[in-house]
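Working notes for the structure below.
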Amino acid sequence: MTYPLFIVTGISGSGKSATSLELQKIMVDFNVFDKDLIVNNDDYQTACDNWLKVAYYSAYSGRNSVLFGNVPDSYNIEICDLFPLFNPVHYLHLYCNG
C-alpha cells in the first residue's frame, strides 16, 4: 500500500517557512513539516530519511504530510529507503521574483 506525499520546494528566501506556518493553520487534517528543523551537523540526507519515516507513520495512521525543503538539493528524497512507499508524490516549487 502506498500513500500520497506533498513536497514544497524552493530556494532559500522563496517563502517556504512562511508558507508552511500559514498552511499549518488552514490544513489541520495534514501534518506540515519544515525539513530544515531537524538537520544535525549539516547531514541533510539523514534528516530527509527521518522526515520520510515520520511522514510514512503519519500516513499509516491516517494523516498525510506536506514536507517543505530544498529538493533535490540539499536533500535527495528519491534515494530514501521509504520513498517507494509514497505514490503519488506531488511537488510544488515556490518561486520568488525578488
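Here the extension length gained between residue 21 and residue 60 equals 11.7 nm, from 0.36 nm per residue of separation less the Cα-Cα distance. Would segment 7-49 count as rounded, prolate or oblate if I go by the C-alpha gyration tensor, calling it rounded below 1.5 in a/c and otherwise prolate when a/b exceeds b/c, oblate otherwise? Oblate shape, in that a/c is at least 1.5 and b/c is the bigger or equal ratio.
Sort largest first and round to whole Å: the equivalent ellipsoid semi-axes of the chain, each the square root of five times a Cα gyration tensor eigenvalue.
Working: eigenvalues 78, 55, 29 Å².
Values for the chain, descending: 20, 17, 12 Å.
The alpha-carbon of residue 16 sits under 19 angstrom from the alpha-carbons of these lysines, leaving out residues fewer than 8 places away in its chain: 25, 35. On the accessible surface of the chain, probed at 1.4 Å, how many percent belong to carbon and sulfur atoms? Result for the chain: 54 percent of the exposed heavy-atom area is carbon or sulfur.
Counting heavy atoms of the protein chains only and a 1.4 Å probe, report the per residue accessible area for the chain as a whole number of Å².
Details: 5990 Å² over 98 residues.
I get 61 Å² per residue for this part.
Counted by Cβ distance under 15 Å from residue 54, the other residues give a net charge of -1, where Lys and Arg count +1 and Asp and Glu count -1. Around residue 83, under 12 Å between beta carbons, what's the net of Lys plus Arg minus Asp minus Glu among the other residues? Summing Lys/Arg as +1 and Asp/Glu as -1 gives -2.
Taking the chain as a Gaussian network of alpha-carbon nodes connected by springs under 10 Å, the highest mean-square fluctuation of the residues 81, 36, 49 belongs to 81.
Calculated [222 nm] ellipticity per residue, helices only, for the chain: -9000 deg cm²/dmol; basis is -39500 (n - 2.57) per DSSP H run with n ≥ 4, divided by all residues, nearest 500.
What's the extension gain from residue 37 to residue 78 if we count 0.36 nm per residue and subtract their Cα-Cα distance?
On the way: separation 41, 0.36 × 41 = 14.76 nm, distance 1.97 nm.
Gain in length upon complete extension: 12.8 nm.
Summary value for the chain: 50 percent relative contact order, contacts being C-alpha pairs under 8 angstrom separated by 6+ residues. Between the alpha-carbon centers of segment 47-67 and segment 1-24, tell me the distance in whole angstrom. Cα centroid of segment 47-67 versus Cα centroid of segment 1-24: 13 Å apart.
The values are calculated or read from the model by the stated rules, or taken from the named source; none is laboratory data. As the structure is a prediction and not an experimental result, all values here were calculated from the model. Every residue, glycine among them, receives a Cβ derived from its backbone with ideal geometry; neighbour counts consider all protein chains shown. These accessible areas exclude ligands, DNA and RNA; they are computed on the full protein's heavy atoms, side chains included. Shrake-Rupley method; radii C 1.70, N 1.55, O 1.52, S 1.80 Å.
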